[in-house]
Each structure stands twice: as C-alpha cells, then as structure tokens.
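A short worksheet on the structure shown next.
The values are calculated or read from the model by the stated rules, or taken from the named source; none is laboratory data. Since the model is a prediction, treat every value here as computed from it, not as a measurement. In this analysis, Cβ positions are derived from the backbone assuming ideal geometry, glycine residues included, and neighbour counts consider all displayed protein chains. The protein model used for the area step is the full one, side chains on, heavy atoms only, and it has no ligands, DNA or RNA in it. Shrake-Rupley method; radii C 1.70, N 1.55, O 1.52, S 1.80 Å.
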Amino acid sequence: MSKHVLITGAARGIGAAAAREFARMGWNVSVHYRDSERLARALVRELEGLGVRAGAVQGDLSRPEQARRAVEQARAGLGPIDALVCCAGIALPVQLLTDTTDEQWRQVMGTDLDGVFYTLRAVVPEMVARKEGAVVTVSSMWGVTGGSCEAPYSAAKAGVIGLTRALAKELGPSNIRVNCVAPGVIDTDMTAFLTQEDREALCGETPLGRIGRPEEVAGAICFLAGEQARFITGQVLRVDGGMVI
C-alpha cells in the first residue's frame with residue numbers, strides 16, 4: 001500500500017517540487033495551502049496524473065485549530081500520515097531589526113515556527129501510536145548562520161532546527177525520525193525580489209557558482225523521509241551549493 005505524506009506550504013516552490021518528487025516515488029500526497037487554492041488544486045490534478053492519490057487541505061498554520069483541522073482533513077482523505085514535511089514559510093523584506101514591527105515579528109514567528117509546532121502536535125500522536133513515521137522540517141542557511149537584516153526569519157528558522165533536534169531525541173524511541181533541510185539561495189517566489197546584480201553576487205559567493213533549484217531541495221527532503229535514511233535522525237542537511245561550509 002502506498003505511503004501518505006502531508007506537505008505544508010505545498011502549493012508552490014520547494015513544497016510543490018517535493019510533492020512532485022514524492023508522487024514520482026509512488027507516495028500519496030496531501031497538498032497543504034493557505035491562500036493559493038488554485039495552485040494547490042492544479043497540483044493535485046498533476047499528481048493524480050502520475051498515478052497516485054492526492055488531495056488539497058487548507059489552513060492558516062499559525063492558528064492551532066486550523067493546523068489541527070488541516071491534519072484531520074489530510075488523514076480523512078488519504079489515511080494515516082506516514083511522513084510530514086513542514087515546508088510552509090514566509091519572509092519579510094530585508095530590513096533592520098529596529099524597523100521590524102510587532103506585527104511583522106509575530107507574522108513570521110507564527111508561520112515559520114509556531115506553525116511547525118502546531119502541525120507536529122497534531123501529527124505526532126498517531127505516529128507514536130503506530131511506532132513509525134518520518135518528519136522533515138525546512139529551515140534555511142540563515143537558521144544556521146543568521147542573516148544580516150533578516151533577524152525574524154533567522155530566529156524562526158533557528159528555532160526550527162532546535163525543535164527538530166529535540167524531537168529527534170524525544171521521538172526516536174518510538175521509531176520516528178526527525179530531520180531538517182536548510183536550503184541556501186533557491187530560485188523560488190521568495191527570492192524573486194533579487195536583482196540580477198544580487199543574483200550574480202550570490203552566485204559568486206557559492207562554491208558551485210549558481211543559485212539552487214527547488215527540485216534539488218526536494219530530492220534531499222524525499223531522501224530524509226524515505227527508507228534509505230532509516231538510520232538518520234536529528235540531522236540538518238544543508239542544500240546550499242556550499243555557501244555555508
């Protein structure tokens with residue numbers, strides 16, 4: 001029987017690329033979205049065309065009741081959740097900490113960190129009861145090193161890494177693996193604001209000499225969720241072209 005993965009923030013970018021890769025591997029996929037219903041439902045049709053079952057679930061993960069409802073909808077539609085990929089995230093414009101408002105801080109923390117916690121809290125009990133499961137969180141290279149003028153995002157993504165490592169220890173005895181990927185500069189909507197000059201500079205700072213593609217991060221996510229990584233937990237896999245060494 002095919003396994004079931006729930007991917008948060010799956011309507012676009014890295015989440016959508018991961019959904020396609022899981023489907024190519026034969027997994028059934030629950031595509032979570034917050035606002036991008038059209039994109040999510042188009043992706044579901046695309047995944048079904050690959051011969052797997054797929055469904056779209058909606059929710060603002062910064063709200064605990066909506067995160068719980070999204071998980072319940074995924075489970076009701078496609079059965080027990082074998083893997084959870086926490087990919088939903090937002091970023092602020094590059095700005096000084098002192099220019100960051102209370103609302104902006106809570107907005108980033110609410111989606112990028114609280115949303116991971118709320119989703120995990122809704123998924124984990126079932127995995128513990130079944131004594132199996134895999135979780136892959138998505139942080140950022142800024143969660144590892146910190147990024148100037150990106151303090152809220154860096155703080156939230158560092159929190160994701162700490163949460164990942166803590167849960168790897170907590171859930172390991174229940175045969176549940178918890179790992180993290182920390183992408184570098186990836187060609188998604190989140191980096192669309194970069195100028196050509198910015199992109200060339202970033203390529204120059206990257207040993208592999210280019211910006212990454214969503215599919216390259218998706219491959220790492222699927223590896224960590226799959227059987228080939230069955231003795232790997234608590235790890236942060238940087239997919240950044242060597243920018244952070």
Task: Cα-based convex hull volume of the chain per residue, rounded to whole Å³ - done: 121 Å³
Open item on the list: Run lengths n ≥ 4 of DSSP H only: what is the helix-derived mean residue ellipticity at 222 nm for the chain, with -39500 (n - 2.57) per run over all residues, to the nearest 500?
Closed with: -14000 deg cm²/dmol
Task: Dipole in debye (nearest 20) - the chain, about Cα centre, beta carbon charges: Lys, Arg +1; Asp, Glu -1 - done: 980 debye
TODO: Sort out for me the Cα centre separation of the stretch 76-98 from the stretch 198-229, rounded to whole Å.
DONE: 18 Å
TODO: Would you check the accessible area of Leu113, probe 1.4 Å, heavy atoms only, in square angstrom rounded to 10?
DONE: 40 Å²
TODO: Could you give the spread of the C-alpha atoms of the stretch 113-245 along their three principal axes, from largest to smallest, in whole angstroms?
DONE: 52, 30, 24
- [ ] Might you work out the accessible area of Cys149 for me, using a 1.4 Å probe with all protein chains in place, and round it to the nearest 10 Å²?
- [x] 50 Å²
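Contact order normalised by length for the stretch 101-245, with contacts defined as Cα pairs under 8 Å and 6 or more residues apart; what percent is it?
Working: 210 pairs, mean separation 39.4, N = 145.
27 percent.
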TODO: Provide the solvent-accessible area of Lys3, counting protein heavy atoms only and rolling a 1.4 Å probe, rounded to the nearest 10 Å².
DONE: 80 Å²
Task: Value of relative contact order over the chain, rounded to a whole percent, pairs C-alpha under 8 Å and six or more apart - done: 19 percent
Task: Karplus (6.51, -1.76, 1.60) ³J(HN,Hα), θ = phi - 60°, over the stretch 191-208, in Hz, Gly and Pro reported as x - done: 10, 5, 6, 5, 7, 4, 5, 4, 5, 5, 5, 5, 4, x, 7, 9, x, 7
Task: Relative contact order, percent, the stretch 33-116 [alpha-carbon distance under 8 Å, six or more residues apart] - done: 28 percent
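Based on the mean of other Cβ atoms within 10 Å per residue, sort peptides 100-108, 193-201, 174-182 so the most packed one is first.
Details: 100-108: 13.9, 193-201: 11.0, 174-182: 22.8.
So the peptides 100-108, 193-201, 174-182, ranked by packing, come out 174-182, 100-108, 193-201.
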